[in-house]
Every structure is written in C-alpha cells, then in structure tokens.
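The values are calculated or read from the model by the stated rules, or taken from the named source; none is laboratory data. Being a predicted model, the structure only gives us computed values, none of them experimental. Note: ideal-geometry Cβ built from the backbone for every residue, glycine included; neighbour counts use all protein chains shown.
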Amino acid sequence: MQPTHNDPRIQRILATVDCIPPGRVATYGQVASEAGLAGRARLVGRILAELPKGSHLPWHRVLQTGGGISPRSGPGPAEQRARLEKEGVVFTLSGRVDLKSAAWKPDETP
DNA sequence: AACATGACTTTCT
DNA sequence: TAGAAAGCCATGT
C-alpha cells in the first residue's frame with residue numbers, strides 16, 4: 001500500500017489544496033510551505049500524482065512557479081487548463097496563469 | 001545500501 | 001522570452 005497513509009504532513013497538504021477557492025491558484029511551493037513542508041514541492045506533486053480518481057480535491061488549482069501547468073502523461077494538463085478556464089482563470093498566450101490576479105492568499109480563505 | 005524516476009525550482013545560455 | 005542543465009526530496013526497484 002502506499003506511502004501516504006495517515007501522515008499529518010500529507011493530510012496538511014491535502015487540506016491546504018482543498019482550501020484553495022475557485023478562480024484562484026497556488027504553486028507547489030506555496031502549498032508545500034503552507035503545509036509545513038517548505039522545499040518539498042516535489043512531494044506535493046507526488047501526492048497529487050497518487051490521488052485517487054474520486055478525490056474531490058481541486059488538484060487542478062495547483063500550478064508550477066510562474067503559473068504554468070506541469071506537463072505529464074494523459075489528459076491531465078488539458079483537463080486542468082479546461083477546468084481552470086471554466087472557473088474564470090485566465091491563461092496567457094504562453095499557456096500560463098496570471099498569478100498577479102489569480103494567486104491564492106492563504107489568509108484570504110473564507 | 002545504491003541507482004533510477006518524477007504533477008518541482010532555480011540558474012545559465 | 002524560451003530552452004537546457006543541475007539541484008533537491010521522497011519513493012520504488
């Protein structure tokens with residue numbers, strides 16, 4: 001079975017991602033830092049990669065530094081972008097999100 | 001224990 | 001501004 005079972009760190013990451021409101025996005029480093037795992041951005045990515053299918057977790061709101069989508073196998077990236085656009089997130093011609101406007105602030109969680 | 005892989009980040013060219 | 005290389009952390013073989 002898998003790595004992340006009941007580790008509080010992992011739960012914190014999942015909770016942080018789940019706290020990201022629609023129309024806003026956060027970077028891997030941002031989430032990791034909030035979860036108390038600063039510098040472990042890759043761990044966040046790994047967690048999301050292991051996410052089960054039925055997870056309601058807004059994984060699509062997690063982007064790279066600069067607001068770009070991490071390329072990976074499958075319809076992941078395309079679906080991620082589609083979902084974000086549906087939430088009102090604007091993508092630049094470079095395929096990146098304008099963090100100046102869409103960046104999520106942990107203090108602004110309703 | 002060592003090597004290889006990956007939803008990352010930073011720096012250099 | 002875009003592309004390639006190196007570095008860092010955790011997992012799996």
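Just a few scattered comments:
- With respect to the conditions (1) at pLDDT below 95; (2) away from DNA strand C (no atom under 15 Å from the Cβ), A:G36 falls short on a single one, namely (2).
- Scope the stretch A:88-110; condition more than 14 Å from the chain's Cα centre (by Cα) and away from DNA strand B (no atom under 15 Å from the Cβ); matching residues: A:G88, A:V90, A:F91, A:T92, A:L93, A:D98, A:K100, A:S101, A:D107, A:E108, A:T109, A:P110
- Just one residue in the set A:L14, A:L48 is more than 9 Å from DNA strand B (Cβ to nearest atom) and farther than 18 Å from A:K100 by Cβ; that residue is A:L14.
- So A:I20, is it out of contact with any Gly (no Cβ under 6 Å at 6 or more places or on another chain), in contact (Cβ under 8 Å) with a residue 40 or more places away in the chain and more than 11 Å from DNA strand C (Cβ to nearest atom): yes
- Every residue from the stretch A:38-64 that is within 14 Å of A:A26 (Cβ to Cβ), surrounded by fewer than 18 Cβ atoms within 10 Å (Cβ to Cβ) and of a type in the set (A, V, I, L, M, F, W, C): A:A38
- Residues in the stretch A:85-98 that are in contact with a strand residue (DSSP E or B) (Cβ under 7 Å, 6 or more places away or on another chain) and in a helix (DSSP H, G or I): A:E85 alone.
Here is a yes/no grid of residues against (1) in a helix (DSSP H, G or I); (2) modelled with pLDDT under 90:
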{"position": "A:T4", "(1), (2)": "no, yes"}
{"position": "A:R9", "(1), (2)": "yes, yes"}
{"position": "A:R12", "(1), (2)": "yes, no"}
{"position": "A:A15", "(1), (2)": "yes, no"}
{"position": "A:V44", "(1), (2)": "yes, no"}
{"position": "A:L51", "(1), (2)": "no, yes"}
{"position": "A:G74", "(1), (2)": "no, yes"}
{"position": "A:A82", "(1), (2)": "yes, no"}
